[in-house]
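Encoded as C-alpha cells, the structure appears first; notes follow it.
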Amino acid sequence: MTMDTVTLEQPGRFAHSGTTPPEAPGPGEVLVRVLMVGVCGTDLHAFEGTQPFFSYPRILGHELAVEVIEAREGVEGFLSGDRCAVNPYMTCGSCAACSRGRSNCCAKMCVIGVHTDGGMRERIVLPAKQMYKCEKLPSVQIPLVETLGVGIHAVGRSAAMAGDRAIVVGAGPIGLSVIEFLRLAGADIGVVEKMPERLEFAARHNRLSRYYPSQNEARQEEPSMLVFDCTGDRGSMEQSIQLLEQGGKLIFVGLINDHISLFDPDLHRREATILASRNSTPPEHHRVLDLMESGKIDVSPWPTECAPRSIMHERFPAWLHREAGIVKAVIDWT
C-alpha cells in the first residue's frame, strides 16, 4: 500500500510518487488525513527558487486542514474524525526566545513544509500539541488559521490602537490578514496594491476609503503612524518609509532573500521604529480560531480557487504570477 505524495524536487518541478504511509503515531502524536493545503508566498517562492532557509527536495504544505485518524494512547482531546488546523512551527521550548514566550522566533525553529517535509501527502503523523480542533469552520477555511496568525502577530507587534492611521503595502493574503486585525483594533486603514484585482478586493471586502495603486500615489496623502510592508519586494520595502509619519513604526511582515537598504536621513528625521514580524504563537492561533468561529473575522471570500491535487502542478505557475482574481489558492487533497 502506498499513498500519493507530491515532492518539489527542484525549482519549477513537482513529482507525484507513491510513498509508504506513516507508521502508527508515537508518544504525544496523532495520525491524520490531509484534507486541504493552503498555498502561500513561501510555497510560491520555493517553487520559483527564491525562498530563504529552504532546501530541495521538499514536500511542501504548512497551511493545513487535517482529519484525525488515530491518536496515540494517552493523547487526550482528539477523536477519530476530528477536523483540525495545524501549527506548523516546531519549536525547542528552551531557547531564550521560547523562554520569554516568543516561540514565533525560536532559535531552532523547524517549520513543517519548509525546513522539514509537510502536508502534500495523504497522511502524516503530527505532534498533538501542534493541532487545534476546528468544530465550526468549513475545511477550505481551516488552512487560513496560520495565515491569519501572521496578521495578528504583526498588528500585535505594532501595538495598534483605535484611531491610529495605518497603511498596508501589499494586499495578498498576508496583507489582508494584517488589515483584518487593524480593523478589529479600530485603526484608520489604507492599502497600497499594484494589482488592480487585489486592490479592488481589499478595498471592497474591508470597505476601505483609502486605497492606492502605487506608493507614489499614497505619498500624496497624509502619512501614517503605522506602515506594514507585506510585499517581500525589495523596492517596496525600501520605499515604504516614505509613507511614515514622524515618530511612526515601520513593520516588515513580508520576507525577502536579499539585502535591503534605507536612506539614513529618512530614518533619523522621523525617529522611526523599524520592526520585523515573524510567524505567530499558539495563543495567537487560539485567538484567531475564536474570532473565525464567532464570525468576527470572515474569510469565506478569500479561497477563490480550490484545485484538486491532480492538477496542482499545472496551476502553480499561474498562482506564482498572481493570476487575476486569485486571492487565495487551496488544494483539495481528499
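Quick notes on this one:
- Over the C-alpha atoms of the range 1-121, the Rg to Rh ratio, Rh being the Kirkwood estimate, stands at 0.99.
- Pair ALA107, LEU184: separation of 7 Å Cα→Cβ label points (nm): 3.2
- Computed over the chain with a Gaussian network model linking Cα atoms closer than 10 Å, the most mobile of PHE316, PHE53, PHE201 is PHE53.
- Projected-area mean, the range 191-318, by convex hull of Cα positions, square nanometres: 10.5
- The range 1-85 - charge dipole about Cα centre, Lys and Arg +1 at Cβ, Asp and Glu -1, debye rounded to 20: 240
- Within a Gaussian network of the chain (alpha carbon springs, distance under 10 Å), most fluctuating of VAL288, VAL66, VAL111: VAL111
- Residue-wise HN-Hα coupling along the range 134-148, computed from phi with Karplus coefficients 6.51, -1.76, 1.60 (Hz; x: Gly, Pro): 10, 8, 10, 7, x, 4, 5, 8, 4, x, 6, 4, 5, 4, 5
- Site pair TYR132 and THR50 shows an inter-label distance of 3.0 nm when each label is modelled 7 Å from Cα along Cα→Cβ.
- Packing-based order for 122-134, 268-280, using average beta carbon neighbours within 10 Å, highest first: 122-134, 268-280
- Between the amide H of SER224 and those of LEU244, GLU245, distances stay under 5 Å, these residues lying 5 or more places away or on another chain, with hydrogens modeled in the peptide plane.
- Counting beta carbons within 10 Å around each of HIS259, HIS286, HIS321 and listing the fewest first gives the order HIS259, HIS321, HIS286.
- Placing dummy labels 7 Å off each Cα toward the beta-carbon, the span from PHE263 to SER214 is 1.7 nm.
- Dipole magnitude for the range 150-276: about 260 debye, using +1 per Lys or Arg Cβ and -1 per Asp or Glu Cβ, origin at the Cα centre.
- With Cα atoms as the point set, the radius of gyration and Dmax of the chain evaluate to 19.8, 65 Å.
- FRET efficiency for the ALA24 to MET161 pair, using the beta carbon distance and R₀ = 56 Å, is estimated at 0.65.
- Mean Cα-pair separation over length for the chain, i.e. relative contact order, pairs under 8 Å, 6 or more apart, %: 17
- The distance linking the range 254-305 with the range 94-129 is 19 Å (Cα centroid to Cα centroid, whole angstrom).
- When the listed pairs LYS108/LYS136; LYS108/LYS133; LYS133/LYS328; LYS194/LYS296 are checked against a 31 Å cut-off, the alpha-carbon distance exceeds it for LYS108/LYS136.
- Among SER261, SER177, SER80, residue whose mean-square fluctuation peaks in a GNM of the chain (springs only between Cα atoms under 10 Å): SER261
- Structure-based [θ]222 nm, the chain - -39500 (n - 2.57) summed over DSSP H runs of at least 4, per residue, nearest 500: -7500 deg cm²/dmol
- Summing Cβ point charges (Lys, Arg +1; Asp, Glu -1) relative to the Cα centre of the range 80-203 gives a dipole of roughly 440 debye.
- The range 154-189 and the range 197-230 have Cα centres lying 11 Å from one another.
Bear in mind that the values in this text are calculations on the coordinates, not laboratory data. Note that the coordinates shown come from a computational prediction; the quantities given were computed from them, not determined experimentally. For neighbour counting, all protein chains shown are included, and Cβ atoms are generated from backbone atoms with ideal geometry for every residue, glycine included.
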